[in-house]
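Read-outs throughout are calculated quantities, based only on the coordinates presented, and are distinct from any laboratory measurement. No experiment lies behind these values; they were computed from the predicted model shown. FYI the Cβ positions are ideal-geometry reconstructions off the backbone, even for glycines, and counts take in every protein chain you see.
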Amino acid sequence: MFPGNFEYVRAGNLKEALTLLSGEDCKALAGGHSLIPLLKQRLAQPAKLVDISGLDELKGVTVEAGKARVGALTTHRELAASEALQGAAQVLSEAASKVGDPQVRNRGTLGGNIAHADPASDLPAVLLALDAEVSIVGPNGSRSTKADGFFSGLMDTDLAENEVISHVEFSSLGAGDASAYCKFEHPASGYAICGAAAVIRGSEVRLAFNGVAAVPFLASAVGDSLSGSDLSDAAIDSALSALEHDDPLSDLHASAEYRLHLAKVYGGRALRAARDRRG
Ligand SMILES: Cc1cc2nc3c(=O)[nH]c(=O)nc-3n(C[C@H](O)[C@H](O)[C@H](O)COP(=O)(O)OP(=O)(O)OC[C@H]3O[C@@H](n4cnc5c(N)ncnc54)[C@H](O)[C@@H]3O)c2cc1C
């Protein structure tokens with residue numbers, strides 16, 4: 001499988017990347033682990049690829065004054081290894097450590113993962129559970145949007161073609177808070193057939209899923225019913241028993257009914273793991 005012809009340019013800084021992306025039919029290239037397979041299958045045929053992978057201003061994790069900021073070009077390996085994230089958002093490191101294989105984790109990035117918005121990706125639900133904001137830069141300046149509004153459809157987001165995700169931001173977890181990510185993965189690719197991200201922040205509980213539906217979603221009714229509860233096994237099981245979705249995915253890997261079953265099982269595992277990690 002060979003891609004069609006395209007022009008390749010490497011951006012030296014973010015301003016240059018935005019200028020290069022302002023033309024017709026351009027695409028940003030980060031780790032290439034989602035885009036290059038699409039090019040090879042000719043499911044994407046951009047005229048120009050703008051390689052943003054060298055932009056240092058979009059890399060790294062900082063945790064300061066109760067806020068965590070993660071650059072879009074931070075790789076899955078860096079997320080998994082980040083000591084700062086162990087306290088601020090273990091769920092993000094944990095999910096990144098379960099992405100694909102070492103090659104994918106070495107090259108693939110947070111920004112590429114959420115921009116690609118594959119329903120089976122691991123990081124979207126994590127951002128929903130953390131109530132993260134996605135920061136975006138484009139020709140008209142910068143803007144930010146809640147992760148909850150960012151994912152808009154099957155492999156579709158709020159991002160315009162000539163915009164670049166610069167970073168994501170969220171309130172870091174504190175003492176007594178905890179989080180966890182559990183997934184039922186595809187045995188060959190590692191992609192999530194069902195991935196559950198749980199965050200317990202004070203008395204608030206948030207649970208979100210990848211893989212179960214075309215768009216990652218926050219299980220608000222489950223979170224609401226557990227917020228302020230004793231998070232006993234009985235409370236978790238009872239909250240999850242009411243978990244529903246209007247339109248679960250159904251394909252050769254798992255039927256809709258099985259996916260919903262997995263969501264209850266893996267949602268329960270993520271919630272219990274987070275509960276048991278609390279100090
Ligand atoms: C064998 C294999 C197994 C995998 N397994 C998993 C898995 O288990 N879980 C999982 O979550 N993922 C998995 N992936 C996908 C992997 O995580 C990708 O790396 C990731 O989805 C895309 O990140 P990237 O940096 O490689 O993006 P690219 O492939 O470079 O880009 C993907 C898309 O995002 C856009 N983009 C990239 N960066 C930005 C940015 N900063 N701003 C705006 N748009 C941007 C590109 O234009 C393109 O449309 C797997 C991939 C492979 C090849």
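In the neighborhood of residue 11, defined by Cβ-to-Cβ distances under 15 Å, what is the net charge if each Lys or Arg adds +1 and each Asp or Glu adds -1? Show your work: numbers first, answer last.
Values: positive: 10, 15, 27, 48, 59; negative: 7, 16, 51, 56, 57, 163.
Computed value for this residue: -1.
If packing is taken as the average count of other Cβ atoms within 10 Å, what order do 11-17, 164-170 fall into, highest mean first?
Values: 11-17: 15.9, 164-170: 23.1.
In decreasing order of mean packing, 11-17, 164-170 become 164-170, 11-17.
Just going by the charge dipole of the range 123-207, with Lys and Arg at +1 and Asp and Glu at -1 on Cβ, which of 149, 126, 205 is farthest out on the positive end?
205
Run the Debye formula on the Cα coordinates of the chain, all scatterers equal and no solvent, and tell me log10 I(q)/I(0) at q = 0.10 1/Å.
At q = 0.10 Å⁻¹ the computed log10 ratios are -0.50.
How far is helix 256-277 tilted, in degrees, relative to the longest principal axis of the Cα atoms in the chain, given as a value from 0 to 90 rounded to the nearest 10?
The angle comes out at about 80 degrees.
Which of 33, 14, 44 sits closest to the plus end of the dipole of the range 7-51, meaning its Cα is farthest towards the positive end, when Lys and Arg get +1 and Asp and Glu get -1 on the C-beta?
33
Dipole magnitude of the chain about its Cα centre, charges +1 at Lys/Arg Cβ and -1 at Asp/Glu Cβ only, in debye to the nearest 20? Numbers along the way, then the final one.
Details: 25 positive and 35 negative charges, 124 e Å.
In total the dipole reaches around 600 debye.
When a footprinting reagent is the concern and you count Cβ atoms within 10 Å, what order do 222, 50 take, fewest first?
Numbers: 222 27, 50 24.
The fewest-first ordering by Cβ neighbours comes to 50, 222.
Where nothing but the Cβ of Lys and Arg (+1) and of Asp and Glu (-1) is charged, how large is the charge dipole of the range 178-277 around its Cα centre, in debye to the nearest 20? Don't jump to the answer; show the numbers that get you there.
Values: 9 positive and 12 negative charges, 80 e Å.
Value, rounded to 20: 380 debye.
Per DSSP H run of at least 4 residues, take -39500 (n - 2.57); add these up for the chain, divide by its residues and hand me the 222 nm value, nearest 500 deg cm²/dmol. Walk me through the intermediate numbers first.
Details: 12 runs with 96 residues, N = 279.
Estimated from H runs of four or more residues: -9000 deg cm²/dmol.
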